[in-house]
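Reviewing the structure listed below.
The values are calculated or read from the model by the stated rules, or taken from the named source; none is laboratory data. Quantities reported herein were computed from a predicted structural model and do not represent experimental measurements. Note: ideal-geometry Cβ built from the backbone for every residue, glycine included; neighbour counts use all protein chains shown. Keep in mind that these areas ignore ligands, DNA and RNA; they rest on the heavy atoms of the full protein, side chains included. Shrake-Rupley method; radii C 1.70, N 1.55, O 1.52, S 1.80 Å.
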Amino acid sequence: MWPLRLLCLAALAAAADIPEEEEVLVLKKDNFEEALEKYQHLLVEFYAPWCGHCKALAPEYAKAAAKLKEAGSQIRLAKVDATEESDLAQMFAVRGYPTIKFFKNGDKSSPKDYSAGRQHEDIVNWLNKRMGPAADTITEADAAEKLVESSEVVIIGFFKDVEGSDAKIFLQAAEAFDEVPFGITSQADLFTKYDVKKDGVVLFKKFDEGRNTYDGDVTKDNIIEFIKSNQLPLVIEFTEQSAPKIFGGEIKTHVLMFLPKSSTTFENNLTNFKKAAESFKGKILFIYIDSEVEDNQRVLEFFGLKKEECPAIRLITLEEEMTKYKPESEDITVENVKVFCNQFLEGKLKPHLMSQDIPEDWDKTVVKVLVGKNFEEVAFDETKDVFIEFYAPWCGHCKQLAPIWESLGEKYKDNDKIVIGKMDATANEIESVKIHSFPTLKYFPASTERSIVDFNGERTLESFVKFLDSGGKDGGAVDEDIEDAEDTDEEGEGEEVESDDEEETDHHKDEL
């Protein structure tokens, strides 16, 4: 009897003992269901040990877990090594790292994707929004002070009648923000304490001017616009933590200042940049990037910059097609930055297209080397069919394709009607051709119409030959029976997806 009872107790103890690391539950396939049953509110990060973004998130994730536990929250944070637990990763459609999902009441059929920032405050605020009302009702000064101090940005609605129509509209607006804590009050002493003269909304922040007040017409759109226009600093540093806020915001025009923080001119340049930013609040997002940080080198490369060329200014639009702009002067003065931004807003700037110099031997090899400066002449030659690979030097799939592409060039080297070419699309840009992933293969048939045919078929020598010999008609379409392992992973947060050797697979150029 006792042995059986002991075995039952041991089994219960084992079942209850989910391992933890820094207050974060460590989940595997064999304890995942148990965790869902035990914890009604569970945030789970699916990560890869080698992923740089996951490494950057780890300390903030642990801080959030500790803060929630300290507050007595029912929410727990957990993590799953998706490279080891492939069944779980597949079950929850994990296609990039980190992927973070929120499970409520043990329901694993439709977990909610985490959509806020990656600082511990963002995580805590987002989770608290999932649990409670859109805004906390504040009746005491101590509670107001605690709320204001709790986060970088806090919004409080001051309404004499919290049941009135304006207060209800404010609460509707609050529902639109996951990562920002909201409060609402009707207490006269709090109106006095915060020098609020009439009903309105106050945004408290720990940067720039410290607070902003909205007391105009109370509509949901007006309040949302007010918050979005004021919740970010005039100038924000690009980091792993700030990236989701930068790319996930409503403002899709960004002006970037690249400079080393260690520079003796850093403070002066930053001050000028901030002063210029004041004139474009809500229109252009101002960002600075430490050009000496190793993780930022890919961003510099994307803009065609080298560390020794910094400080430098660039502007980019993150619409369906990204477009970059370069100022006439690289001197970072208030006036120069303002002129540059105004010229963009007035439509007076031409896109800045990067190009390497034309190599002396560009046409001496079987695969012709194209750059921005000779692309038009070669690709749109009316007398020749031109097949071009757009590649990135660091792309693993491009490296795999290289010997096949070389063999293709060798096969057609004596054919004066067919040209096989390649172009480093990280260093060269073409206005008529937009490249979003690597490698991209495009066929330019001999024609006066400047037509372009995308090649999406199997990347084998046989497939390429069939395609070319048919004049770009056969073998270039997607073969549905072949799994396209190079499909670009999408993460919802616009982040890079890293591979084992920390090279992106078919890297999206809009994922800085």
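Annotations for the structure displayed:
- Residue match in region 38-49 (condition: closer than 22 Å to Asp295 by Cβ, surrounded by fewer than 22 Cβ atoms within 10 Å (Cβ to Cβ) and at pLDDT 90 or above): yes
- Boolean, Trp394 is open to solvent by less than 70 Å² (accessible area, probe 1.4 Å), out of contact with any Gly (no Cβ under 7 Å at 6 or more places or on another chain) and part of a loop (DSSP other than H, G, I, E, B): yes
- Only residues that are assigned to a loop (DSSP other than H, G, I, E, B) and more than 24 Å from the chain's Cα centre (by Cα) were counted across region 208-240, and they come to 8.
- Scan region 241-269 for residues that are open to solvent by 50 Å² or more (accessible area, probe 1.4 Å) and in a loop (DSSP other than H, G, I, E, B) and the total you get is 6.
- Leading residue by the ranking (surrounded by the fewest Cβ atoms within 10 Å (Cβ to Cβ)) among those in region 85-95 that are assigned to a loop (DSSP other than H, G, I, E, B) and at pLDDT 85 or above: Ala93
- In summary, Ile420 fulfils each of the numbered conditions (1) open to solvent by 30 Å² or more (accessible area, probe 1.4 Å); (2) in a strand (DSSP E or B); (3) closer than 16 Å to Gly471 by Cα with the single exception of condition (1).
- Scanning region 198-215 for residues that are closer than 13 Å to Gly157 by Cα and in contact with a helix residue (DSSP H, G or I) (Cβ under 8 Å, 6 or more places away or on another chain) yields Asp199, Val201, Leu203, Phe204, Asn212, Tyr214.
- All positions within region 130-152 that are of a type in the set (Val, Ile, Thr) and in a helix (DSSP H, G or I): Val148
- Residue within region 176-186 that is outside any loop (DSSP other than H, G, I, E, B), farther than 24 Å from Gly249 by Cα and touching a strand residue (DSSP E or B) at 6+ places or on another chain (Cβ under 7 Å) present: yes
- Hey, Phe390 outside the structural domain of Thr323 (by the TED database), touching a helix residue (DSSP H, G or I) at 6+ places or on another chain (Cβ under 6 Å) and closer than 25 Å to Gly471 by Cα or not: no
- Some residue of region 297-310 being polar (S, T, N, Q), assigned by the TED database to the domain that holds Phe247 and farther than 23 Å from Met423 by Cα: no
- From the options Phe102, Phe170, residue that is open to solvent by less than 30 Å² (accessible area, probe 1.4 Å) and outside any helix (DSSP H, G or I): Phe102
- Test: Ala82 is of a type outside the set (Asp, Glu) and either open to solvent by 30 Å² or more (accessible area, probe 1.4 Å) or within 28 Å of Asp166 (Cα to Cα) (or both): no
- When residues in region 270-311 are screened for being over 22 Å from the mean Cα position of the chain (by Cα) and either assigned to a loop (DSSP other than H, G, I, E, B) or surrounded by 15 or more Cβ atoms within 10 Å (Cβ to Cβ) (or both), 11 of them pass.
- In this entry, Ala62 is excluded by the filter for residues that are among the hydrophobic types (A, V, I, L, M, F, W, C) and at pLDDT below 90.
- Candidate set from region 192-238 (those that are more than 23 Å from Lys283 (Cβ to Cβ) and of a type in the set (Ser, Thr, Tyr)); member that is least open to solvent (accessible area, probe 1.4 Å): Tyr194
- Filter result (of a type in the set (Asp, Glu) and outside any strand (DSSP E or B)) within region 437-477: Glu449, Glu458, Glu462, Asp469, Asp474
- Of the numbered criteria (1) surrounded by 18 or more Cβ atoms within 10 Å (Cβ to Cβ); (2) of a type in the set (Asp, Glu); (3) assigned to a loop (DSSP other than H, G, I, E, B), the one Glu389 fails is (3).
- Test for Phe438: is it at pLDDT 50 or above, more than 24 Å from Ser355 (Cα to Cα) and buried (at least 20 other Cβ atoms within 10 Å of the Cβ): no
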